[in-house]
1. Roughly what % of Cα-Cα distances in the range 4-101 sit above 23 Å, to the whole percent?
2. Taking the Cα centre of the chain as the origin and placing charges on Cβ (Lys, Arg +1; Asp, Glu -1), which of 1, 35, 15 is farthest toward the positive end of the dipole?
3. Report the label-to-label distance for residue 27 and residue 51 in nanometres (one decimal), using points 7 Å from each Cα along the Cα→Cβ vector.
4. Remind me, relative contact order of the chain in percent, using alpha carbon pairs under 8 angstrom and six or more residues apart?
5. Considering the options 74, 102, 61, tell which one lies farthest towards the positive end of the dipole of the chain, charges being +1 on Lys and Arg and -1 on Asp and Glu at the Cβ, about the Cα centre.
6. From the phi angles alone, apply the Karplus equation (6.51, -1.76, 1.60; θ = phi - 60°) to the range 50-57 and give each ³J(HN,Hα) in whole Hz, x where the residue is Gly or Pro.
7. What does the net charge come to around residue 78 if you take all other residues with beta carbon closer than 13 Å to its beta carbon, with K and R at +1 and D and E at -1?
8. Hey, got the dipole for the chain? About the Cα centre, +1 on K and R Cβ, -1 on D and E Cβ, debye to the nearest 20?
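Just so it is clear, none of the values below were taken in a lab; they were calculated from the coordinates. Since the model is a prediction, treat every value here as computed from it, not as a measurement. Cβ coordinates were reconstructed from backbone atoms using ideal geometry, including for glycine residues, and neighbour counts include every protein chain displayed.
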Amino acid sequence: MTTPAERDGHAARSHERLLDATRRLEALRSHAERQPAERRVELERTLDRLRGLRNRALARLEDCRLASGDAWPSMRHQAMAALNELLDGIAEVERRTRRAAA
């Protein structure tokens, strides 16, 4: 059984990670706006997909917050998987963007 402190700690850490992801997405959006049209269209499609992953992670984190005691570990796992998928996707786009700029 998880304690309220454990749940609160997880919620706080997850919220910070989601805020970081949101800031990074905004930076990528700003970067995309300064690109030539053909590159911008590709980046905007990728950012749309990442925004979908962000919405999914947000929903999973909310499901985790609302989960009963027995369901919480499973919901936490799903929420973390969704958040990690989002962060991995952002990191990949950031790597490609840096490579293209070099």
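1. 32 percent
2. Towards the positive end, the residue furthest out is 35.
3. Here the answer is 2.0 nm between the modelled labels.
4. Relative CO of the chain lands at 32 percent.
5. Most positive-ward Cα: 102.
6. Taking θ as phi minus 60°, the curve returns 5, 5, x, 5, 5, 4, 5, 4 Hz for the range 50-57.
7. Combined, the nearby Lys, Arg, Asp and Glu give +1.
8. 380 debye
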